[in-house]
1. Which one of these does PHE304 not meet: (1) surrounded by fewer than 18 Cβ atoms within 10 Å (Cβ to Cβ); (2) in a helix (DSSP H, G or I)?
2. Of all residues in segment 136-162, which are open to solvent by 10 Å² or more (accessible area, probe 1.4 Å) and among the hydrophobic types (A, V, I, L, M, F, W, C)?
3. Got a sec? Which of LEU105, LEU133 is closer than 24 Å to ILE195 by Cα, at pLDDT 95 or above, assigned to a helix (DSSP H, G or I) and open to solvent by 40 Å² or more (accessible area, probe 1.4 Å)?
4. I'm trying to understand the selection: among the residues of segment 319-339, which are open to solvent by 50 Å² or more (accessible area, probe 1.4 Å) and not in a helix (DSSP H, G or I)?
5. Taking ILE225, is it farther than 24 Å from LEU372 by Cα and among the hydrophobic types (A, V, I, L, M, F, W, C)?
6. If you check TYR178 against the conditions, is it open to solvent by less than 40 Å² (accessible area, probe 1.4 Å) and touching a helix residue (DSSP H, G or I) at 6+ places or on another chain (Cβ under 9 Å)?
7. Before we move on, is VAL81 β-branched (Val, Ile, Thr) and either at pLDDT 80 or above or in contact with a strand residue (DSSP E or B) (Cβ under 7 Å, 6 or more places away or on another chain) (or both)?
8. Under the condition of being free of Cβ contacts under 8 Å to residues at least 60 places away in the same chain and in a helix (DSSP H, G or I), which residue from segment 345-358 is nearest to PHE428 (Cα to Cα)?
Amino acid sequence: MTFWGFGMNFMLRMNLNIAIVSMVRPITVKDGLKSEYYENHSLLQNTSHLTDSNTDNGNGFEWDEHQQNIAKGSFFWLHMVLQIPGGLLAQKFGAKSIFGYSNGLVALLTCVIPVSAKFNFNALILIRILQGLIAGLAWPSMQAMTGKWIPPHERSRFVSAYLGTSVGTAVTYIVCGYLMDWLGWESVFYITGLIGLVWHICWTYLVYDSPRVHPNITEKELKYIENSLGNSIVKNVSSSTPWKSILTSLPLIVNIISQIGYNWGMYTISLQAPTYFKFVLGFNLKQTGIWSGVPHLFLWPFSFSFGCLCDYLIQAKIMSITKVRKLACVFSNIVHGLFILTFAYSGCNETFVIFNLVCAVVVSGAISSGALPGIVDLAPNFAGVLQGINGTIVIFCISISPYIVGLITYQQQTIEQWKKVFIVSAAFCSLTGIAFLIFGSSKLQKWNNEEQKDVKEIQPIV
């Protein structure tokens, strides 16, 4: 349920990125805005490659690059506002309700997008802002639940379920490309919204906040989980949150910095790939959907496999938790950034473009064994609050990305301009990863439980 919950969460935030290539009036040579595709390909004469029944009718919205990127980025404008409250609410009322209702309300608002877009551009932006605000509750609440359910030596594997986001993105891009071609762009929002509502009903009846309150758990499994968690989880956590210790924690600060870099790179290629394929490389709707989505299909299998390896290294005491998290960061940030860099220099070579995009997306899956579970490692009792702080800062930073892309590519849909976009992303992603390698730590922090006197790195109890 966590896997599909995050998959649906990203389906609802990413659907506009693919739908917008059908919603807007296409950029053509007669508009005076040549794309690099037209300048470098002999296929200009082969108009069948570039035509789509639902986009070339001239009836699309006349939104320029700046407006399109405002529409893409507006989801994130207030996304950070409820991140910290989301962690606090999950800590107080339980993650089940917060995560469930957050995704359910976003799904309901998704069904309103077609009407709002046709009514007014600002109405669309308002709906997207509301979606982003409400969705901000989801991630921190799930970290709180992870801290209560998952033993330390199983976290890498379990947190890979968070990357159901990749499958949600892949399914959205691939399926919605066909939906737009068959039923029009409106169907994208109606169908994804309905899927979200179905998930919400299932989550409500199948999920419980902790092993202790689950009605069907066996005594053996309950003891296994509670013994594995040991004294890192306090059953009745004090309502007092050690804010000063949290905000001055160097391991937390470095963890957040690494996640800013990872998310900047990942969101840039995820948000912008459909536009890049459509208006720069000249792909049609189906091709745009397929090649924007296919890379994300391979992300989760890599994430889970890498998570199994990392959990083995921890359980067999081959590497400490801190070293495992840093190993994962090498892939999720540094190698990820290098593939984004080679993507930037791929030019009009479609095969090379797709190869580098697939590799960049796939290796980013190591985040589920790196900084992401590293948040829980630091303080399981306050994992929701820590993720809230992390989400607030990360989302604020990456919300700037679509705006910057819009400025760089405004009326200049050329490979040279897009190269600048991807070079910045690659550098930011890799440098923040290096910072985590130098200063990062996953040791249990003493402020996780003030009564704990013997503070040491969590060791798995089997």
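The values are calculated or read from the model by the stated rules, or taken from the named source; none is laboratory data. All values reported here derive from a predicted model rather than from experimental measurement. Here Cβ is always computed from backbone atoms with ideal geometry, including for glycine, and neighbour counts include all displayed protein chains. Surface areas here come from the heavy atoms of the whole protein model, side chains and all, with no ligands, DNA or RNA. Shrake-Rupley method; radii C 1.70, N 1.55, O 1.52, S 1.80 Å.
1. (1) is the only condition that PHE304 fails.
2. LEU137, TRP139, ALA144, MET145, TRP149, ILE150, PHE158, ALA161
3. Values: LEU133 fails: at pLDDT 95 or above.
The match here is LEU105.
4. MET319
5. On the way: farther than 24 Å from LEU372 by Cα: no; among the hydrophobic types (A, V, I, L, M, F, W, C): yes.
The answer is no for ILE225.
6. Numbers: open to solvent by less than 40 Å² (accessible area, probe 1.4 Å): no; touching a helix residue (DSSP H, G or I) at 6+ places or on another chain (Cβ under 9 Å): yes.
When the stated conditions are applied, TYR178 does not pass them.
7. Working: β-branched (Val, Ile, Thr): yes; either at pLDDT 80 or above or in contact with a strand residue (DSSP E or B) (Cβ under 7 Å, 6 or more places away or on another chain) (or both): yes.
Judged against the criteria, VAL81 is a match.
8. Just the residues of segment 345-358 that are free of Cβ contacts under 8 Å to residues at least 60 places away in the same chain, to begin with: 346, 349, 351-352, 355-356.
If we keep only those that are in a helix (DSSP H, G or I) too, we end up with 351-352, 355-356.
Details: THR351: 25, PHE352: 22, PHE355: 21, ASN356: 18 Å.
Selected residue: ASN356.
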